[in-house]
Amino acid sequence: MKARNPIIIANWKLNGDIDLLCKSVASFIRKYFKADVVVCPPYIYLREMLSFLQYSSVVIGSQNVSKFESGAYTGETSAQMLKEAGCKYCLIGHSERRSMFRENNQSCNIKVQSAIANDLKPVLCIGENAEERDAGVTRDVLFRQISEGLEGIEFSGDDVLIAYEPVWAIGTGNAASAENAEEVHCFIRKEIKHLFGKDVAEKVRILYGGSVNKTNSALLLEQKNIDGLLVGGASLDPSHFMEICQVADQFSQKTV
């Protein structure tokens, strides 16, 4: 059993259609998980999923959030809008947002603040790429992403989540070993303790993301400092994702 309730987040990215939505909803209806389960579909499916998932414990999250509250920013979606649409969580600073759309620690910081102000739980994504890993600067990169991404933010520990996603593992099928992932998660928790204190560090949930599947999910969740999983490609197969959620239930202390 884990001190921090495990959380499983599905990130569909720019994938999915009505068929996937229907199959996913069908697999979740009347399902009440002990673990916290979040699905982040493309924006266009948020309301439809929310209306169907009212008969389950699954909640909806967003893959991104604007750093702007309102104004002439075509294509943006604010934290307030996401909250009104029924979102409970939002991913911030995913590696693809950082690499493809040039998001940085400072913009992530603004987004985290906006999410908290609108009663969304931000999931701040951090991680090193292959070049940084090979250069031996993983910890330096992670420290900057944490300290700058959360600078000036006051939180209790359970209102912000951290997702460690080694960029070199995403979509490759080559996840970090459970032992290596635990080592990095332990480092992250120690840095949070250094920056925000022991109470926050003990409460904050740190997720692992990067080629997560039903085969490695139990090994990852067995680790002391891995509190959940950010699932990409495997979440596009409803039965596969369901198995991951059921694994997470085994590590939960909650009752349903």
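The values are calculated or read from the model by the stated rules, or taken from the named source; none is laboratory data. Predicted, not measured: the structure shown is a model, and the values here were computed from it. Backbone-built Cβ (ideal geometry, glycine too); neighbour counts: all protein chains shown. Just so you know, the surface numbers come from the protein's heavy atoms only, side chains and all, with ligands and any DNA or RNA stripped out. Shrake-Rupley method; radii C 1.70, N 1.55, O 1.52, S 1.80 Å.
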Next on the checklist: Going by what's in this entry, would ARG98 be described as closer than 14 Å to PRO166 by Cβ, charged (D, E, K, R) and in contact with a strand residue (DSSP E or B) (Cβ under 9 Å, 6 or more places away or on another chain)?
Outcome noted: yes
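Select, from GLN63, GLN113, the only residue that is in contact with a Cys (Cβ under 8 Å, 6 or more places away or on another chain) and not aliphatic (A, V, I, L, M).
The match here is GLN63.
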Next on the checklist: For the condition under 20 Å from VAL212 (Cβ atoms), charged (D, E, K, R) and more than 16 Å from the chain's Cα centre (by Cα), what is the one hit in ARG139, ARG133, ARG102, ARG97?
Outcome noted: ARG133
Item to check | GLU202 vs. criteria touching a Phe, Trp or Tyr at 6+ places or on another chain (Cβ under 8 Å), at pLDDT 95 or above and open to solvent by 30 Å² or more (accessible area, probe 1.4 Å) | outcome: no
Item to check | Failed item, numbered, when ALA218 is tested on (1) surrounded by 17 or more Cβ atoms within 10 Å (Cβ to Cβ); (2) free of Cβ contacts under 8 Å to residues at least 40 places away in the same chain | outcome: (1)
Next on the checklist: Of all residues being within 18 Å of the chain's Cα centre (by Cα) and closer than 27 Å to LEU20 by Cβ in the stretch 206-215, which is most open to solvent (accessible area, probe 1.4 Å)? Just the residue, please.
Outcome noted: LYS214
Item to check | the stretch 156-188, residues that are open to solvent by 50 Å² or more (accessible area, probe 1.4 Å), touching a residue at least 40 places away in the same chain (Cβ under 8 Å) and either within 25 Å of SER62 (Cβ to Cβ) or outside any helix (DSSP H, G or I) (or both) | outcome: SER156, ASP158, VAL167, GLY171
Next on the checklist: Pairs please, first residue from the stretch 1-25 and open to solvent by 40 Å² or more (accessible area, probe 1.4 Å), second anywhere and of a type in the set (Gly, Ala, Ser), Cβ atoms under 8 Å, 6+ apart in sequence or on different chains.
Outcome noted: MET1/SER252; LYS13/GLY232
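Condition check ((1) touching a residue at least 60 places away in the same chain (Cβ under 8 Å); (2) within 20 Å of the chain's Cα centre (by Cα)) across all residues:
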| position | (1), (2) |
| --- | --- |
| TYR45 | no, yes |
| GLU48 | no, no |
| PHE52 | no, no |
| SER57 | yes, yes |
| ILE60 | no, yes |
| PHE68 | no, no |
| GLY71 | no, no |
| LEU91 | yes, yes |
